[in-house]
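Heads up, the thing below is written out as structure tokens.
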Amino acid sequence: MFNKILIANRGEIAIRVMRACKELGVKSVAVYSDADSNSLFAKYANEAYNIGNPSPSQSYLNIEKIIDVAEKSGAEAIHPGYGFLAENPKLGFECEKHGIKLIGPNGSIIEAMGSKIESKKLMQKAGVPVVPGTAKGVTDIDEAVDIAESIGYPVIVKASAGGGGIGMRTVYEEDELVRAIESTQSVAASAFGDSTIYIEKYIEEPRHIEFQILADEHGNTIHAADRECSIQRRHQKLIEEAPSPIMTDELREEMGGAAVRAASSIGYTNAGTVEFLYSNGEYYFLEMNTRIQVEHPITEIVTGIDLVKQQLQIAAGEELCCEQKDITVRGHAIECRINAEDPMADFAPNPGKITGYRSPGGIGVRVDSGVYMNYTIPPFYDSMISKLIVYGMTREECIARMRRALNEYIILGVKTTIPFHKSMMLSESFIKAKLHTHFVDEYHDEIMGHMAKVMKADEKIAARLKSTFLPSPKIAAVSAAVNNYITNLDNNSKKQ
Ligand code: MV4
């Protein structure tokens, strides 16, 4: 195992990685921008180095500075977390040059999976089902018309360098095709510096189901089951669950087998995710993510595997913890992403000072976060402040527990997505697991209806709690718990 590693990230994921380090006896090195000198992750690390300006391009995306700190501090490996440099092949190549181990697959695999055309080609070759359409760049308009015709409308025009929803347009009839191609090309050229596009069948209202992959450097590749991530808005996931409510042992074996083929056929190593679109019993490879993902904890909970620890052990040359036959799925887990956003104002970011904070606890509750009481969320980075992850023996128990945990969660001073999640946990369609990637739009009115009521109740609680957070943080923590408990009792007795 390594003696010391550098974490090239911030916030909750930096802490998540450092926690694995601590359990493995590995020293951790943090890098932090000027905006993060008061952040928890910078204090949690064994060593922390300032890398300058809050602007990501000058700090968290600055490969040269990060490699420099790794060398200065004597870190043998770099963990990139998610976002920032996590899927940047350049970091992989630079690490190789400097004799530093990147905790992830090698640079050329990251590069290949970054190209959607290239990855689709490779998956097709490995016998993984892909969406009907071309696995080649299209430039000629007449050819595009022919391709779309043969696929059958609706089709979707995608940028090869795209991902995460940027650079794609759905087309319902031939008249719209030329304009969609031109606009996708120009978006792709300016966003990615690569205007290559391709065309495939548009799958309407699919589910997003993904498989967690683990692969060591001795040729062993396994999947650690599935996650359903259909609850998203503008390509930002909001709620994830494991397993997918539609998953059966047979389907898991089949899709998981395809995911393992996807990874092993390209010599993939470390943790990764194979994303599928699922619709009407059919599933199609969508993308492969070459990083640890935000939602990895739900998989950890239902499989019992510490995925980040596995990442470190794989990178250090150790063999996988388990064989495929050892992996079982126990119970159900749900993650709600708690963002500093106003769900009533189209999820507008709402950074600022947290003036009151108490996280939930008790059986089956895990909170991964990088914030604390009186912390000021800087405006420069993404707005996720915490992940609330809950376990239950069944999906039903899991939802009830999430509702309970959300009610215990107190964050004052900034608006958060907690009311949205409370509303979702009340949604009949969510409870019935009628999930698809357009769920939040389709049930917008129902969710907003719940949210108005939820916000009203929350306002009353907040008004009562505000004063308790002022005098002493110690007293505040206790009285917040008591206040919240009493308020919930009040609400419950009113209902009966
Ligand atoms: C699709 C699709 C339907 N049909 N491709 C969105 C993110 C990008 N990486 C791929 N995406 C989609 N590709 C075909 N052929 C629908 C989506 C899509 C989506 C996929 C996963 C999760 C959320 C989504 C939300 C809207 C659209």
Got a sec? Which of Val155, Val128 is within 16 Å of the ligand (Cβ to nearest atom), more than 24 Å from Glu87 (Cβ to Cβ) and in contact with a helix residue (DSSP H, G or I) (Cβ under 7 Å, 6 or more places away or on another chain)? Val155
For Asn50, are the conditions met, namely being open to solvent by 10 Å² or more (accessible area, probe 1.4 Å) and more than 18 Å from Tyr372 (Cα to Cα)? yes
First in region 284-304 and polar (S, T, N, Q), second anywhere and open to solvent by 20 Å² or more (accessible area, probe 1.4 Å) and away from the ligand (no atom under 16 Å from the Cβ), Cβ under 8 Å, 6 or more apart: Thr303/Ile327; Thr303/Thr328; Thr303/Val329; Thr303/Arg330
Would you confirm, using the coordinates I've provided, whether Val440 is within 16 Å of the ligand (Cβ to nearest atom), modelled with pLDDT of 95 or more and farther than 20 Å from His332 by Cα? yes
Looking only at residues that are of a type outside the set (S, T, N, Q) and open to solvent by 60 Å² or more (accessible area, probe 1.4 Å) in region 1-24, which one is farthest from Pro379 (Cα to Cα)? Met1
Counted residues in region 227-267 being in a helix (DSSP H, G or I) and either without any contact (Cβ under 8 Å) to a residue 24 or more places away in the chain or open to solvent by 10 Å² or more (accessible area, probe 1.4 Å) (or both) come to 11
Criterion: more than 28 Å from Gln236 (Cα to Cα), away from the ligand (no atom under 14 Å from the Cβ) and among the aliphatic types (A, V, I, L, M) - qualifying residue of Ala112, Ala144: Ala144
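Here is a yes/no grid of residues against (1) open to solvent by 30 Å² or more (accessible area, probe 1.4 Å); (2) in contact with a Phe, Trp or Tyr (Cβ under 8 Å, 6 or more places away or on another chain); (3) farther than 18 Å from Val17 by Cα:
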{"site": "Val329", "(1), (2), (3)": "yes, no, yes"}
{"site": "Cys336", "(1), (2), (3)": "no, no, yes"}
{"site": "Asp346", "(1), (2), (3)": "yes, no, yes"}
{"site": "Ile354", "(1), (2), (3)": "no, yes, yes"}
{"site": "Gly361", "(1), (2), (3)": "no, no, yes"}
{"site": "Gly370", "(1), (2), (3)": "no, yes, no"}
{"site": "Thr376", "(1), (2), (3)": "yes, no, yes"}
Given the criteria among the hydrophobic types (A, V, I, L, M, F, W, C), at pLDDT 85 or above, assigned to a helix (DSSP H, G or I) and open to solvent by less than 50 Å² (accessible area, probe 1.4 Å), does Met402 qualify? yes
Report the residue count in region 110-151 for those that are hydroxyl-bearing (Ser, Thr, Tyr) and within 29 Å of Glu253 (Cβ to Cβ). 1
Considering only residues that are assigned to a helix (DSSP H, G or I) and over 28 Å from Gly83 (Cβ atoms), look in region 378-399 and name the one that is most open to solvent (accessible area, probe 1.4 Å). Glu396
Residue satisfying condition, being closer than 19 Å to Gln313 by Cα and either open to solvent by less than 20 Å² (accessible area, probe 1.4 Å) or of a type outside the set (D, E, K, R) (or both), within set Ile109, Ile63, Ile100: Ile100
Which condition breaks for Glu295 when tested against (1) farther than 30 Å from Glu200 by Cα; (2) open to solvent by less than 10 Å² (accessible area, probe 1.4 Å)? (1)
Of all residues in region 60-98 being more than 22 Å from the chain's Cα centre (by Cα) and assigned to a loop (DSSP other than H, G, I, E, B), the one that is nearest to Ile7 (Cα to Cα): Ala75
Out of the residues in region 201-211 that are open to solvent by 10 Å² or more (accessible area, probe 1.4 Å) and either near the ligand (Cβ under 6 Å from one of its atoms) or β-branched (Val, Ile, Thr) (or both), which is farthest from Lys136 (Cα to Cα)? His208
Note: among Ala271, Ala262, Ala258, just one is within 16 Å of the ligand (Cβ to nearest atom), aliphatic (A, V, I, L, M) and over 30 Å from Phe420 (Cα atoms), namely Ala262
Is one or more of the residues making up region 158-169 open to solvent by less than 50 Å² (accessible area, probe 1.4 Å) and within 30 Å of Ser423 (Cα to Cα)? yes
Out of everything in region 170-182 that is surrounded by 14 or more Cβ atoms within 10 Å (Cβ to Cβ) and more than 13 Å from the ligand (Cβ to nearest atom), what residue ends up being farthest from Ala135 (Cα to Cα)? Glu176
Please go through (1) within 13 Å of the ligand (Cβ to nearest atom); (2) on the phi > 0 side of the Ramachandran plot; (3) surrounded by 15 or more Cβ atoms within 10 Å (Cβ to Cβ); (4) modelled with pLDDT of 95 or more for Phe84 and return the number of the only condition it doesn't satisfy. (1)
From Glu319, Glu335, grab the single residue that is touching a His at 6+ places or on another chain (Cβ under 7 Å), at pLDDT 95 or above and outside any helix (DSSP H, G or I). Glu319
Could you check, for region 207-219, whether at least one of its residues is of a type in the set (Asp, Glu), within 30 Å of Leu312 (Cα to Cα) and in contact with a Lys or Arg (Cβ under 9 Å, 6 or more places away or on another chain)? yes
I need every pair where a residue in region 441-461 that is among the aliphatic types (A, V, I, L, M) has its Cβ under 6 Å from the Cβ of a residue that is surrounded by 14 or more Cβ atoms within 10 Å (Cβ to Cβ), sequence separation at least 6 or different chains. Ile447/Ser423; Met451/Pro419; Met451/Ser423; Val454/Pro419; Val454/Lys422; Val454/Ser423; Met455/Pro419; Ile461/Thr487
Checking Leu214 against (1) surrounded by 24 or more Cβ atoms within 10 Å (Cβ to Cβ); (2) within 16 Å of the ligand (Cβ to nearest atom); (3) outside any helix (DSSP H, G or I), which single condition isn't satisfied? (2)
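The values are calculated or read from the model by the stated rules, or taken from the named source; none is laboratory data. Since this is a predicted model, take the numbers as computed values, not measurements. A quick note on method: Cβ atoms are made from the backbone with ideal geometry, for glycine too, and the neighbour counts reach across all protein chains shown. Side chains are part of the model used for accessible areas, which takes the heavy atoms of the whole protein and leaves out ligands, DNA and RNA. Shrake-Rupley method; radii C 1.70, N 1.55, O 1.52, S 1.80 Å.
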